[in-house]
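Asks: The structure follows.
All of the numbers you see were taken from the coordinates with simple rules; none came from a lab. Predicted model, so just to flag it, every value in this text is computed and none were measured. Cβ coordinates were reconstructed from backbone atoms using ideal geometry, including for glycine residues, and neighbour counts include every protein chain displayed.
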């Protein structure tokens, strides 16, 4: 069973510099567990079918304009009905002044009220993006994550195969380290995986025979990156002379992480191979494929075209 993650209301307040209009609970213990948010529309007219009370509720100009058209009794009923669902928080956008009825309901049901100065749509988009990252499903993978020519390359393989040494060589060649040994992978959308390092070991790398190295201090700030999308997985394995390795690349293999398919290459390791250069080429080639240029297919088409031409000339 996948672990459920949460964001505290204190984190939301700090992230967006929100004003606390009313609060009587411990914001560090109040949790938000869904990245979905809601602008109460139909709820204003007492329609609560399919209403999810776990969502952050946001009100802007439209909702306040509608509430202004109500008399005090109807407005009280509307707000009491919404707050009675035990919503986690109400955020008022555009710096709107709240009605007294909001404060009465907030006090009765112990619901915090925050205020944001941003436009409602902009704030919603930023909040959803923040919650999507913080609450994303995640796993931890043994490997190394580097940014190579703008591509996020996750290097995997058995212990001692040379992952960290390859990462150091990539950093020396101007690329950036994201994580070594343990890579936290988050699914931030249906097609996107983002990797980062656990905070405890961030910027450190282990080299057998040397020990722990602080990449940021030795190679500078330009050598590290906090997070990176995972565009390609490269699995390093010791060279097996009895195994047939792909030499053309006509068929792309994929690995599935958290339900997302990621292009995967298996690169054999043996003395004399410059793995950093190989990975650089793999990253550039993967980028070319995403742009619609596949060298293997182009070569295959040339060969077929030449064979057809020779057959026609016979």
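Asks: For helix 100-109, report the angle its Cα long axis makes with the longest principal axis of the Cα atoms of the chain; keep it between 0 and 90° and round to the nearest 10°.
Replies: Tilt relative to the chain: about 70 degrees.
Asks: For Cα pairs less than 8 Å apart in space and 6+ apart in sequence, what is the mean separation divided by the residue count of segment 138-298, i.e. the relative contact order in percent?
Replies: On the way: 301 pairs, mean separation 39.1, N = 161.
Result for segment 138-298 is 24 percent.
Asks: For helix 275-290, report the angle its Cα long axis makes with the longest principal axis of the Cα atoms of the chain; keep it between 0 and 90° and round to the nearest 10°.
Replies: It works out to around 60 degrees.
Asks: Compute the distance in nm between two label points, each set 7 Å from the Cα along the Cα-to-Cβ direction, one at residue 14 and one at residue 159.
Replies: Modelled inter-label distance: 3.4 nm.
Asks: Moving to a separate point now. Tell me, what is the FRET efficiency for residue 190 and residue 46 to the nearest 0.05, using R0 = 35 angstrom and their Cβ-Cβ distance as r?
Replies: Efficiency at R0 = 35 Å is approximately 0.55.
Asks: Which Rg and Dmax, in Å, describe the Cα atoms of segment 18-150?
Replies: Radius of gyration, then largest Cα-Cα span, for segment 18-150: 17.4, 62 Å.
Asks: Springs between alpha-carbon atoms under 10 Å, Gaussian network over the chain: tell me which of 232, 27, 90 tops the mean-square fluctuations.
Replies: Sorting by GNM fluctuation, first place goes to 27.
Asks: Report, largest value first, the span of the C-alpha coordinates of the chain along each principal axis, in whole Å.
Replies: 90, 61, 35
Asks: If you don't mind, there's one more thing I want to ask. Could you grab the Rg to Rh ratio for segment 138-298? Cα atoms only, Kirkwood for Rh.
Replies: 0.95
Asks: Would you calculate a helix-derived [θ] at 222 nm for the chain, using -39,500 (n - 2.57) for each DSSP H run of n ≥ 4 and dividing by the full residue count, to the nearest 500?
Replies: Mean residue ellipticity at 222 nm (helix-derived): -10000 deg cm²/dmol.
Asks: For a test of the definition: using alpha carbon positions, the gyration tensor, and the 1.5 limit on a/c, classify segment 49-95 as rounded, prolate or oblate.
Replies: The shape class here is oblate.
Asks: Using the Kirkwood formula on the Cα atoms of segment 207-314, what hydrodynamic radius do you get, in angstrom to one decimal?
Replies: Taking every pair of different Cα atoms in segment 207-314, averaging 1/r and inverting gives 17.5 Å.
Asks: To the nearest 0.05, what FRET efficiency results for residue 241 and residue 132 with a Förster distance of 51 Å applied to their C-beta separation? Mind dumping the intermediate values first?
Replies: Numbers: r = 47 Å, r/R0 = 0.91.
The value I calculate is 0.65.
Asks: Along the Cα→Cβ direction, 7 angstrom out, place labels at residue 273 and residue 36. What is the inter-label distance in nm?
Replies: 4.7 nm
Asks: Using only the Cα atoms of segment 1-96, construct the convex hull and provide its projected area averaged over every direction, in square nanometres to one decimal.
Replies: That works out to 7.3 nm².
Asks: Continuing with this model, one more query. Taking Cα pairs under 8 Å and at least six residues apart, what relative contact order does the chain come out at, in percent?
Replies: Reported relative contact order: 13 percent.
Asks: Show me the ranking of peptides 171-179, 136-144, 250-258 by mean Cβ neighbours inside 10 Å, starting with the highest.
Replies: 171-179, 136-144, 250-258
Asks: Between residue 217 and residue 314, what length in nm is gained on full extension when 0.36 nm per residue of separation is reduced by their alpha carbon distance?
Replies: Value of the extension gain: 28.2 nm.
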